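Student: Please read through the structure below; I'll follow up with questions.
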Amino acid sequence: MPDDPEAIAIERVTPDVDAGRFASKRVVDERVLVEADVFAYGHVELAVRLEHRRKDERRWRAAWMAPIGNDRWRGEFTVDRIGEHRFRVVAWRDHVATWGRDVEAKLEAGQDVRVDAEEGARLVEEVVKRADRATTETDSLLAWAQRLRGGIDARTRTDLTELVAIARTHLCRADAVVFDATSAVWVDRPLAGCSAWYELFPRSASPDPARAGTLADVADRVPDIADMGFDVLYLPPIHPIGRTHRKGPNNRRDAQAGDPGSPWAIGSEAGGHTAIAPELGTFADFDRLVLAARRSGLEIAFDLAFQCAPDHPWVREHPDWIRPRADGSIAYAENPPKKYEDIVPLDFECEDRAALWAALLDVVQFWAARGVRVFRVDNPHTKPFGFWEWLIARVRETDPDVLFLSEAFTRPRVMERLAKLGFTQSYTYFTWRNTKHELTEYFTELTQPPLVEFFRPNAWPNTPDILHETLQHGSRATFLARAVLAACLSANYGVYGPGFELMEQTPREQGSEEYLDSEKYQIRHWDVDRPDSLRHFLARLNEIRRAHSALQRNDTLRLHGIDNDQLLCWSKRGGDGEDAVLCVVNLDPRNTQAGWTSLDLGELGVPDGAPFVLHDLLTDAQYDWRGPHNFVELDPRSVPAHVFTIGRGVAG
């Protein structure tokens with residue numbers, strides 16, 4: 001016979017990531033909606049409470065959970081500080097509520113409840129007797145016991161709900177059941193949940209075609225990038241570049257004198273991961289750049305590429321950190337058939353890995369101390385999972401506001417594991433999702449449980465490594481459409497510029513996703529003021545995102561029907577449900593496309609049959625719609641997208 005017969009079951013608690021192994025994610029001031037199946041044998045009423053606290057707090061804060069049907073209960077709390085929060089579900093049998101329910105049923109049937117009234121009085125007295133401490137409500141409960149002994153008249157019957165509510169806060173919890181594990185929620189600052197990124201190579205930032213760019217030139221560009229509405233300015237590596245096996249233009253192996261090489265081939269006689277390439281400037285220049293960005297409302301994202309050029313000081317000082325080949329030579333990086341002779345991978349499983357890992361942590365903390373709070377991490381999927389869990393946890397101990405973007409274009413489960421381990425945001429397959437079916441299927445997956453609890457997508461139409469064939473063969477409308485898709489389907493997005501706003505689309509060769517004359521291998525000069533630039537369009541998109549809370553989240557994304565495979569229609573709603581944005585994009589860059597919508601009006605907050613007004617935030621046009629079925633036509637020669645807000649009534 002068991003010592004403690006099970007009376008209450010608590011199951012399927014959400015949010016949950018791998019049975020509590022990993023934390024779900026939120027940002028400051030965001031609510032955590034918790035659900036659980038809670039039930040008991042027999043017909044007893046239950047009291048179910050959601051308890052939560054910050055990790056550094058000793059006492060639990062509490063909120064009642066309410067039944068939503070089929071033994072499912074729901075409660076919520078709001079996270080108010082960066083760091084780890086925990087919650088748990090607690091339940092116990094609510095004998096006073098059970099008594100009140102049964103008395104009401106007997107009264108409804110006209111039965112005598114005099115004995116029940118006495119039993120109720122004794123229940124209340126027992127609650128008072130076993131309460132942890134006396135409170136101002138103790139006297140109220142004792143008064144209720146006396147009142148019940150006088151019988152249950154019409155007024156007392158009406159007030160029974162008040163008694164149940166008071167007694168519930170004092171119930172004897174000797175038989176309380178706590179779910180067998182607390183669940184963790186990691187809370188980031190708001191930038192983690194919504195951000196617009198702009199990537200820029202410092203050496204190509206010079207306004208003078210006669211010289212290469214510097215960090216000072218980047219600082220001069222900061223106001224323009226801020227004016228475009230971006231939140232994060234991401235710089236590829238700014239460290240000294242190795243000379244051994246340096247790559248020439250277009251990834252040629254025969255670099256000539258003066259070729260700058262790839263920024264990801266890190267390390268030379270000038271230093272390694274805690275040094276700045278002399279041609280880019282000094283630490284004073286970097287500090288001025290960080291300050292200029294901060295004053296303009298931008299943050300600098302720093303590239304973490306944990307690899308070396310053959311000339312990196314670590315290769316000489318710590319040869320055991322490098323895995324040799326069978327012939328004793330240094331192994332360079334490969335992703336067959338691709339070869340990166342200018343890069344040497346680190347051996348994260350070497351015998352001296354404790355020292356290697358500590359050195360890499362020092363790199364992060366070095367730049368964090370210089371004001372960097374955002375890191376874009378190059379190829380994290382090529383390093384052990386345990387390393388990232390260890391490093392991110394160590395960084396959070398001293399700098400919990402630091403954010404990490406995972407650049408891992410690899411298998412889905414690997415990308416998801418990195419997100420679970422602590423990466424704040426993740427690159428996605430958005431670049432390769434271009435048809436209506438692909439986009440619908442992919443973003444439905446990203447914005448529904450379980451992924452929405454831990455995987456924050458960051459959508460990029462292009463990167464220095466990826467020029468998708470859609471852009472190669474597209475038109476201006478293609479770039480506009482991809483910008484709207486990225487910025488409005490995902491709360492986090494980015495562009496590699498100025499290549500994107502200047503519509504760079506020439507590949508290195510047929511079938512390649514590499515740019516011709518890629519900035520990865522050579523210096524470029526950009527006319528950022530070119531009349532056909534998309535900078536004003538991007539600025540408007542970012543302005544819209546900042547003004548509408550609906551576009552600052554992912555969990556409310558809903559795809560709507562529209563009877564044309566070249567048109568994609570979706571909506572998002574803000575946390576309060578009041579702000580709703582409806583988007584329609586023409587995926588055909590050359591032809592006008594039209595169709596009829598099949599809207600879920602409930603998702604838009606529109607009553608059935610009521611007229612509503614759509615205001616296009618891109619063109620300022622207004623449209624009167626009614627019901628779920630409405631006509632849409634988009635000409636890619638103008639703007640291939642609608643971004644609507646929804647109002648009531650009919651436009652004048």
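The values are calculated or read from the model by the stated rules, or taken from the named source; none is laboratory data. Just so it is clear, the model here is predicted, and its values are computed rather than measured. FYI the Cβ positions are ideal-geometry reconstructions off the backbone, even for glycines, and counts take in every protein chain you see. Protein only, heavy atoms only, side chains kept; ligands, DNA and RNA dropped before computing areas. Shrake-Rupley method; radii C 1.70, N 1.55, O 1.52, S 1.80 Å.
Student: Of the conditions (1) open to solvent by 10 Å² or more (accessible area, probe 1.4 Å); (2) under 23 Å from R294 (Cβ atoms), V177 fails just one. Which one is it?
Tutor: All conditions pass for V177, except number (2).
Student: Given the conditions (1) outside any helix (DSSP H, G or I); (2) open to solvent by 10 Å² or more (accessible area, probe 1.4 Å); (3) touching a residue at least 24 places away in the same chain (Cβ under 8 Å), report the number of the one that A292 does not fulfil.
Tutor: Of everything listed in (1) outside any helix (DSSP H, G or I); (2) open to solvent by 10 Å² or more (accessible area, probe 1.4 Å); (3) touching a residue at least 24 places away in the same chain (Cβ under 8 Å), A292 misses just condition (1).
Student: Given the criteria over 30 Å from D37 (Cβ atoms) and in contact with a Lys or Arg (Cβ under 7 Å, 6 or more places away or on another chain), does L141 qualify?
Tutor: Details: over 30 Å from D37 (Cβ atoms): yes; in contact with a Lys or Arg (Cβ under 7 Å, 6 or more places away or on another chain): no.
Judged against the criteria, L141 is not a match.
Student: I'm checking my understanding of the structure. Among residues of the range 32-43 that are part of a strand (DSSP E or B) and not β-branched (V, I, T), which one is least open to solvent (accessible area, probe 1.4 Å)? Before the answer, list the steps.
Tutor: Just the residues of the range 32-43 that are part of a strand (DSSP E or B), to begin with: 32-40.
Now restrict to residues that are not β-branched (V, I, T): 33, 35-37, 39-40.
Details: L33: 60, E35: 36, A36: 0, D37: 19, F39: 70, A40: 27 Å².
The qualifying residue least open to solvent (accessible area, probe 1.4 Å) is A36.
Student: Now a separate question. Right, W596: assigned to a strand (DSSP E or B), within 18 Å of H642 (Cβ to Cβ) and open to solvent by 30 Å² or more (accessible area, probe 1.4 Å) or not?
Tutor: Yes; evaluated as a whole, the condition is true for this residue.
Student: Being touching a helix residue (DSSP H, G or I) at 6+ places or on another chain (Cβ under 8 Å), open to solvent by 80 Å² or more (accessible area, probe 1.4 Å) and in contact (Cβ under 8 Å) with a residue 12 or more places away in the chain narrows it down to one residue among D29, D16; which is it?
Tutor: D29
Student: Let me spell it out: the conditions are (1) open to solvent by less than 10 Å² (accessible area, probe 1.4 Å); (2) under 20 Å from A368 (Cβ atoms); (3) in a loop (DSSP other than H, G, I, E, B), and A275 meets all of them except one. Which number is the exception?
Tutor: (1)
Student: How many residues are within 12 Å of T274 (Cβ to Cβ) and either open to solvent by 40 Å² or more (accessible area, probe 1.4 Å) or in contact with a His (Cβ under 7 Å, 6 or more places away or on another chain) (or both) when one looks only at the range 365-380?
Tutor: Counting residues in the range 365-380 that are within 12 Å of T274 (Cβ to Cβ) and either open to solvent by 40 Å² or more (accessible area, probe 1.4 Å) or in contact with a His (Cβ under 7 Å, 6 or more places away or on another chain) (or both) gives 4.
Student: A further question on this structure: What number goes with the only condition from (1) open to solvent by 30 Å² or more (accessible area, probe 1.4 Å); (2) closer than 26 Å to E441 by Cα; (3) in contact with a strand residue (DSSP E or B) (Cβ under 6 Å, 6 or more places away or on another chain); (4) of a type outside the set (S, T, Y) that V584 does not pass?
Tutor: Evaluating V584 over (1) open to solvent by 30 Å² or more (accessible area, probe 1.4 Å); (2) closer than 26 Å to E441 by Cα; (3) in contact with a strand residue (DSSP E or B) (Cβ under 6 Å, 6 or more places away or on another chain); (4) of a type outside the set (S, T, Y) leaves (1) as the failure.
Student: Hey, which of the strands (runs of 3 or more DSSP E) in the range 469-580, taking only ones fully inside, have at least 3 residues that are modelled with pLDDT of 95 or more, open to solvent by less than 10 Å² (accessible area, probe 1.4 Å) and in contact with a strand residue (DSSP E or B) (Cβ under 6 Å, 6 or more places away or on another chain)? Step through it out loud before you land on a result.
Tutor: On the way: elements: 492-496, 558-562, 567-573.
Because the criterion is at least 3 residues that are modelled with pLDDT of 95 or more, open to solvent by less than 10 Å² (accessible area, probe 1.4 Å) and in contact with a strand residue (DSSP E or B) (Cβ under 6 Å, 6 or more places away or on another chain), the strands (runs of 3 or more DSSP E) in the range 469-580 that meet it are 492-496, 567-573.
Student: Additional query: From R101, R114, R147, R81, which residue is at negative phi and touching an Asp or Glu at 6+ places or on another chain (Cβ under 8 Å)?
Tutor: Only one candidate passes the filter, namely R101.
Student: Right, next: With the structure loaded, tell me whether D287 is closer than 29 Å to L403 by Cα and surrounded by fewer than 18 Cβ atoms within 10 Å (Cβ to Cβ) or whether it fails that test.
Tutor: Answer is yes for this residue.
Student: Oh, and also: Residues that are open to solvent by 70 Å² or more (accessible area, probe 1.4 Å) and within 30 Å of E30 (Cβ to Cβ): which helices (runs of 4 or more DSSP H) entirely in the range 45-162 hold 3 or more of them?
Tutor: Per the criteria, no element qualifies.
Student: While we're looking at this one, here's another question. Report every pair of residues separated by at least 6 positions or lying on different chains whose Cβ atoms are under 6 Å apart, first residue within the range 314-340 and touching a residue at least 40 places away in the same chain (Cβ under 8 Å), second open to solvent by less than 80 Å² (accessible area, probe 1.4 Å) and among the charged types (D, E, K, R).
Tutor: Y332/E341
Student: Suppose we filter the range 182-208 for residues that are open to solvent by 40 Å² or more (accessible area, probe 1.4 Å) and not polar (S, T, N, Q); how many remain?
Tutor: 3
Student: If you don't mind, there's one more thing I want to ask. Return the total of residues in the range 399-439 being of a type in the set (S, T, Y), over 21 Å from P15 (Cα atoms) and under 12 Å from the mean Cα position of the chain (by Cα).
Tutor: 3
Student: Taking the options G258, G297, name whichever one is among the small types (G, A, S), in a loop (DSSP other than H, G, I, E, B) and without any contact (Cβ under 8 Å) to a residue 60 or more places away in the chain.
Tutor: Answer to the check: G258.
Student: Taking the range 296-343 as the region of interest, how many residues are open to solvent by 50 Å² or more (accessible area, probe 1.4 Å) and among the aromatic types (F, W, Y)?
Tutor: Counting residues in the range 296-343 that are open to solvent by 50 Å² or more (accessible area, probe 1.4 Å) and among the aromatic types (F, W, Y) gives 2.
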